[in-house]
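Novice: Quick one: this structure, given as structure tokens, is what I'll be asking you about.
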Amino acid sequence: MMKKSKFNRIALAVAMSVGLSTAAIAQETTSSIRGSVVSEAGANFSGATVTIKHEPSGTVSTATTSSNGSFSARGLRVGGPYTITIKGDGFITTQVDNVYLSLDQTFSLPVTVETSESSEVIVVTGTRAAAGYSNEGLSTSLGLEALSEVTSIDRDITDAAQLDPFASVNVQSGGAKELSIAGANSRFNSLTVDGVALNDRFGLNANGYPTQRSPISYDAIESLSIQTAPFDVEYNGFTGGTINAVTKSGTNEFHGSVGYYYTDDSMIGDQNGDDEFDFIFEEETFVATLGGPIIKDKLFFFVAYDKFEAVAPLRNGPTGSGALNEEPDISMDDVAAVGEIVSNVWGFDIGDFNKGPEEDEKVLANIDWNINDDHRAKFTYMRTEGNSINEQNGNNFLASDNILGASSAWYDRSEKIESFIGHLFSDWTANFSTQLKIASTTQATGQDSLNGAEFPNFAVFLREVDGEENYLTIGPDRYRHGNSLDQDFLQIKAVAIYSMDDHIIKAGFEREDVDVNNQFSQNSEGSYLFDSLEDLQNAQASALLYNNAVTNNEDDLRAIWGYASNSVYIQDSWAASADLTVDFGLRYDWYESSGEIRENQNFIDRYGFTNTTDIDGLDVVLPRISFEWFAGDYTTVRGGIGRFSGGAPSVWISNSYSNDGVISDDYQDFGSGMTYQVPTTPDAATGQYIPQDVLDALANTAPDGSVNALRPDFEIPVTTKVSLGVAHEPQIDALEGWVFSADVLYNKLENATYWYDQRCENPVDTAPDGRGVYDCSNGPEALVVGSVDDGDSMLYAVSATNEWDTAYGTFDFFTSYTYADVEDVGYGTSSTATSNYSDFAAYDRQKPRAGTSNFQTEHLWKMRFNWSKELIDGYQTKVSVFATRRSGQPYSYTFNENNACVLDVGGGRCARESRNDDAGHLLYVPSGLDDPLFAASSFGGDLAAQQEFMDYIANSELAGYAGGIAPRNGDNSRWSTIIDVRIQQELPAFMPEHKLTVFFDIENFGNLLNDDWGRIERTRYEYERAVVSAQIVDGQYEYFDLRSPSRIENLEVLSQSVWQVQFGVKYDF
């Protein structure tokens, strides 16, 4: 006979395990259960059989309790519902229904059974909490229900991941979303889908993906987890945080969905405060999924298809082109005149000003096979392919703002990822199980000029108006002359797990082989400057820049190399008592490398060490320890300490293969007065439009070019994470149902990566404020990657959550506040060594020094709220709100080195930067006109100009730094408050068991209510405010050229400051 039990210890254990348990089980694709069976008197029951059945698929797993009554089961499907049955001699059979399992978390199930010989069965009903949103300090899990509540016009994993209290999203100028976890560089995260890494491991994209959009269809995801400090030894490959997703599987019932989402320029705002925005675009997405049985209880399938199409606006164009920004002094007639000449002389089509469509297509297919009750397999195929059209108007020679590029100067950024994954889960005995994974992934990234790359880049002068020069550029831009990336990944993973009384012993081995084929040969087709249409007609250029291999074959510039990462690990998860679990683990990683870095003897002779150092033979030891203590029925204490490594982009290593200073050289002539007769047909041998004497000159040189290298003592970057947290459910009526959490996380950086120029490793003089003065003009550039133990962070987070079922509907609420104090050495914001060296504000660019990180969000408040009710009988209405209020992007006050290099007497570094108006060195802030470091000759001795400078200091944040050097990222842009809303309404469908749902996603809802709300502004990249120029005269700073306040502010108001709506409809069956 069966009867319903009351909400006793068993049910309480289920509720508490979902609400408070934080045990992580690994960076994998499954869930697990760990529990114990004891009598009411506390006696352990050994030999009891625990049967765990996944009801939708009929998959069964069996465990047996050990001598101390404990049991565990691993490799279980995510989600549910599960039915768990505990049966044995001397107690009433107990059944727990409706159990849902979260990804990457162990479900805790301590069961107290009633001792009796009765044949009745006690039935306990579990909870669907795992299908919703669950945060346990440093770990957040979103099941199907929670994922469906996320507002996401881009249908992006990042929008779901930012619900974690430690996650912060910074939107870039182009709309890319950088996800920082615990204040770490967004490049240092890991993203895995079905156990395969899908983050941008090479390091070219700002969004952290290897694709322009999310690499996996949002509708294909079953569960998503975000972990900041998971101490299980299977976790690695990041020093920030990890995002892990598992995709849906088929069941014994056929199920599927069809969805359509749409937004365009009529569904977006156009104003925030005094700033107006103009948008022309159209985006639509079609999604379909289908899953079901091939053989009931045995073999299942699931497929998903996602297609995105967009018509993007023309942002810049000549008068009459219809662009958002039309250049008044360049006309369509000018474009036609240039096009006719180039077509007649060279037979090349310069293109037009029409942008083609942008597309993104995702395919996923899963096969799940219950081989028998002891063995289960899963096979996954994923493919994502997409593109985006990028307008380009730059040229090597020009600094004018009035430059337009025809479509032949634009490029199509394409990406394709294809993965094959196989998993085998085996229970060999009741106590011993194994997991095996084999995965193969290929990634291809193309940057293809729209009209082909086998032609030079031309910049053609048209006219000068009011002192402004106007140019049209045609042909592939300088960075697209040879630009491609192909990567192959092969991953093998084997894990064995053995349960023994209070211990679960886990041991594993992983290996990943990576092959890289990267070509980046800028200007290998040549870049020319023409001073008039007549010169263009005569094929007579006034300037030429040509970079190539000395063989004049750009394919010889390819970096073809590879590496392998190997890992072995062992862990003991010890149930020290019924309330305390302690995990001890040790992981060891080592690296192998293949491919040749050409030895540069000139570099060796100059600096005394080789440029051929790679990562071969590097290793790292990663000990971990963590605990979870149930301090009573309503309080959980958790914590741990461990070392983590990995996540740094491999392009930083690849640069050593690409830039050895041996294979390539360049020919540059600009402003010399020489002219060049541009060939009108390509060279028969090389296919290039380069004069023969230039080709010969390059072929006959002994290259002594720029070098990127690793220091011989380079080490793998490591972060040590230390955490402590507590969660408590107060047992007072006024706070019924509330769970409060508090967590602290400390990160210590070891072997942090930095760049310096070996030409000027040591200073040649001392600046007035004590900083080094360098001469970086001797010889070719020599950028070296080093390691330094500097930088740390401290983060504190508090949160509160509750849910209510009332006559007015169901309410679900979560809120958190996170404070972050993050310091790093500031490098690593780019894929190139040159930018990583120069593109940040530095105290001393040659000597790394920790300061406030670009990725710090000092104050971050979040609120998640859901309300649902059947306003129409049988059809649910749901409103989901996610709000954030955060402090602004940090920025630094610097010297303006556009006119004078302050701390580089040779001018080699900042002279190159001045073309982009880079700043870089932190500003010395004088305390007044009598400051001993302030030269009386400043501003030409003009006292009024000097006082204007002092007044600016006194009325800005700089007043707090008077008499010293302004700190890196010492100030922040304005705070922002963003509210996102999703409204869902179920409607009648064709059949009773089907569901039709209409969606409205509203991002930045506050701006929809008030034009002044929802503003996001910041100081532009590189997050610097260049104030004034200076030079060193007689041991003092002589200041000049104070910028206007608006130029100093360097403010950018992001287009996300306005509201946007997306409409969607979905049919579930």
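Readers should treat all values here as calculations from the given coordinates under stated rules, not as data from a laboratory. Please read all numbers here as calculations on a predicted model, not as lab measurements. Here Cβ is always computed from backbone atoms with ideal geometry, including for glycine, and neighbour counts include all displayed protein chains.
Novice: Would you be so kind as to identify which of N1010, Q985, G960 lies farthest towards the positive end of the dipole of the range 937-1069, taking Lys and Arg as +1 and Asp and Glu as -1 on Cβ and the Cα centre as origin?
Specialist: Q985
Novice: Give the Cα extents of the range 135-248 along the principal axes, in whole Å, largest first.
Specialist: Projected onto the principal axes, the Cα atoms of the range 135-248 cover 33, 29, 25 Å.
Novice: Which of the residue pairs K248/K416; K362/K1066; K248/K296; K248/K298; K248/K437; K362/K416 have a Cα-Cα distance greater than 20 Å in the structure shown?
Specialist: K248/K416
Novice: Taking the dipole about the Cα centre of the chain, with the C-beta of Lys and Arg at +1 and of Asp and Glu at -1, give me whichever of G1035, I86, L860 is farthest to the positive side.
Specialist: I86
Novice: To continue, here is another question. Once amide H atoms are placed 1.01 Å from N in the peptide plane, what residues at a sequence separation of 5 or more from G75, or on another chain, have their amide H within under 5 Å of its amide H?
Specialist: Sorted by chain and number, the residues that satisfy this are S31.
Novice: Can you figure out the FRET efficiency of F740 with F286, using R₀ = 60 Å and their beta-carbon distance, to the nearest 0.05?
Specialist: 0.90
Novice: Diagonalise the Cα gyration tensor of the range 831-875 and give the resulting equivalent ellipsoid semi-axes, square root of 5 times each eigenvalue, largest first, whole Å.
Specialist: After diagonalising the Cα gyration tensor, the semi-axes are 50, 15, 5 Å.
Novice: State the extension gain, in nm to one decimal, for the chain segment bounded by A631 and S67, taking 0.36 nm per residue of separation less the distance between their alpha-carbons.
Specialist: 200.6 nm
Novice: Tell me the relative contact order for the chain as a rounded percent, counting alpha carbon contacts under 8 Å between residues six or more apart.
Specialist: Values: 3042 pairs, mean separation 91.6, N = 1069.
Once divided by the residue count of the chain, the mean separation gives 9 percent.
Novice: Would you give the gap between the C-alpha center of the range 99-117 and the C-alpha center of the range 560-600, rounded to a whole Å?
Specialist: 31
Novice: Which distance in Å, rounded to a whole number, links the C-alpha centroids of the range 832-885 and the range 289-362?
Specialist: The range 832-885 and the range 289-362 have Cα centres separated by 30 Å.
Novice: For helix 943-954, report the angle its Cα long axis makes with the longest principal axis of the Cα atoms of the chain; keep it between 0 and 90° and round to the nearest 10°.
Specialist: On a 0 to 90 degree scale, this one is about 10.
Novice: Taking the C-alpha atoms of the range 891-1060, how large are the radius of gyration and the largest Cα-Cα span, Dmax, in Å?
Specialist: Expressed in Å, the Cα Rg and Dmax of the range 891-1060 come to 24.2, 87.
Novice: Using each residue's phi in the range 292-303, evaluate 6.51 cos²θ - 1.76 cosθ + 1.60 at θ = phi - 60° and report the 3J(HN,Hα) Karplus result to the nearest Hz, with x for Gly and Pro.
Specialist: Once θ is set to phi - 60°, the couplings for the range 292-303 become x, x, 9, 10, 4, 6, 10, 9, 9, 9, 8, 10 Hz.
Novice: Just to be sure I understand the model, the point goes 7 Å from the Cα along the line to the Cβ. What's the resulting F865 to N955 distance in nm?
Specialist: That separation, rounded to one decimal, is 4.1 nm.
Novice: Let me ask something else. Consider all pairwise Cα distances in the chain and report the whole-number % of them above 59 Å.
Specialist: Counting every Cα pair in the chain, those more than 59 Å apart make up 15 percent.
Novice: Here is a further query. Compute the relative contact order of the range 164-277 as a whole-number percentage, counting only Cα pairs closer than 8 Å that sit 6 or more residues apart in sequence. Could you put the intermediate results ahead of the total?
Specialist: On the way: 153 pairs, mean separation 27.3, N = 114.
It rounds to 24 percent for the range 164-277.
Novice: Then there's this: For the range 610-619, in order, what is each residue's ³J(HN,Hα) by Karplus, 6.51 cos²θ - 1.76 cosθ + 1.60 with θ = phi - 60°, in whole Hz (x at glycine and Pro)?
Specialist: 7, 8, 9, 4, 10, 9, 4, x, 5, 8
Novice: Turning to a different aspect of this structure: Less than 18 Å from a label point 7 Å out along the Cα-to-Cβ axis of T49: which backbone N atoms in the range 72-101 qualify, by residue?
Specialist: Within reach of a label on T49, which here means backbone N under 18 Å from a point 7 Å along Cα→Cβ, the range 72-101 contributes 72-73, 83-96.
Novice: Subtract the Cα-Cα distance of N372 and D873 from 0.36 nm times their separation in residues, and report this length gain in nm to one decimal.
Specialist: So the chain would gain 176.0 nm between N372 and D873.
Novice: Let me ask something else. Give the average over all directions of the projected area of the C-alpha convex hull of the range 343-435, one decimal, in nm².
Specialist: Spelled out: convex hull of the Cα atoms, projected over all directions, averaged, 11.7 nm².
Novice: Which of M794, M382 has the fewest other C-beta atoms within 10 Å, and how do the rest follow up to the most?
Specialist: Listed from fewest to most nearby Cβ atoms, that is M794, M382.
Novice: Taking R0 as 51 Å, what's the FRET efficiency between A800 and I505 from their Cβ-Cβ distance, rounded to 0.05?
Specialist: Numbers: r = 38 Å, r/R0 = 0.74.
The calculated FRET efficiency here is 0.85.
Novice: Still on this structure, please answer the following. Under a plain spin-label model, where a point goes 7 Å from the Cα along Cα-to-Cβ, how far apart in nm are D765 and R885?
Specialist: So the two model labels end up 5.1 nm from each other.
Novice: Once phi is turned into ³J(HN,Hα) by the Karplus curve 6.51 cos²θ - 1.76 cosθ + 1.60 with θ = phi - 60°, what whole-Hz value does each residue of the range 99-112 show in order, with x for glycine and proline?
Specialist: Each residue's phi maps through the Karplus curve to give 8, 10, 10, 8, 5, 6, 10, 8, 7, 8, 9, x, 10, 9 Hz.
Novice: Loop-only chymotrypsin sites (Phe, Trp or Tyr not before Pro) in the range 156-265, please: DSSP not H, G, I, E or B, and at most 12 other Cβ atoms within 10 Å. Walk me through the numbers before you get to the answer.
Specialist: Working: sites: F166, F188, F202, Y218, F231, Y235, F238, F254, Y260, Y261, Y262; in loops: F166, F202, F231, Y235, F238, F254.
Sparse-neighbourhood loop chymotrypsin sites (Phe, Trp or Tyr not before Pro): F254.
Novice: Separate question: In terms of modelled amide H atoms, which long-range or inter-chain residues lie less than 5 Å from the amide H of I330?
Specialist: T319
Novice: State which stretch of the chain is the longest one without any exposed GluC sites (Glu not before Pro), exposure meaning a DSSP loop state and at most 10 other Cβ atoms within 10 Å.
Specialist: The reported range is 118-992.
Novice: Calculate, in nm to one decimal, what V1065 and L299 gain on full extension: separation in residues at 0.36 nm each, minus their alpha carbon distance.
Specialist: Details: separation 766, 0.36 × 766 = 275.76 nm, distance 3.08 nm.
Fully extending the segment from V1065 to L299 adds 272.7 nm.
Novice: Please work out whether the range 498-612 counts as rounded, prolate or oblate from its C-alpha gyration tensor, where a ≥ b ≥ c are the square roots of the eigenvalues and a/c under 1.5 means rounded, while otherwise a/b larger than b/c means prolate and anything else oblate?
Specialist: Taking the square roots of the gyration eigenvalues as a ≥ b ≥ c, the range 498-612 is prolate.
Novice: If you don't mind, there's one more thing I want to ask. Roughly how many Å is it from the Cα centre of the range 680-713 to that of the range 944-1007, as a whole number?
Specialist: Cα centroid of the range 680-713 versus Cα centroid of the range 944-1007: 47 Å apart.
Novice: If you take the beta carbon distance between D329 and D278 as r and set R0 to 30 Å, what does 1/(1 + (r/R0)^6) give as a FRET efficiency, to the nearest 0.05? It would help to have the intermediate numbers written out before the result.
Specialist: Working: r = 20 Å, r/R0 = 0.68.
E between D329 and D278, to the nearest 0.05, is 0.90.
Novice: Placing unit charges on C-beta atoms (Lys and Arg positive, Asp and Glu negative, everything else neutral), compute the dipole magnitude of the chain about its Cα centre in debye, rounded to 20.
Specialist: 4240
Novice: Points 7 angstrom from Cα along the Cβ direction at L943 and R974: gap in nanometres?
Specialist: Going by the 7 Å Cα→Cβ label model, 3.8 nm.
Novice: At 222 nm, what helix-only mean residue ellipticity would the chain give, in deg cm²/dmol to the nearest 500, using -39500 (n - 2.57) for each DSSP H run of four or more?
Specialist: On the way: 13 runs with 99 residues, N = 1069.
Calculated from helices alone, the mean residue ellipticity at 222 nm is -2500 deg cm²/dmol.
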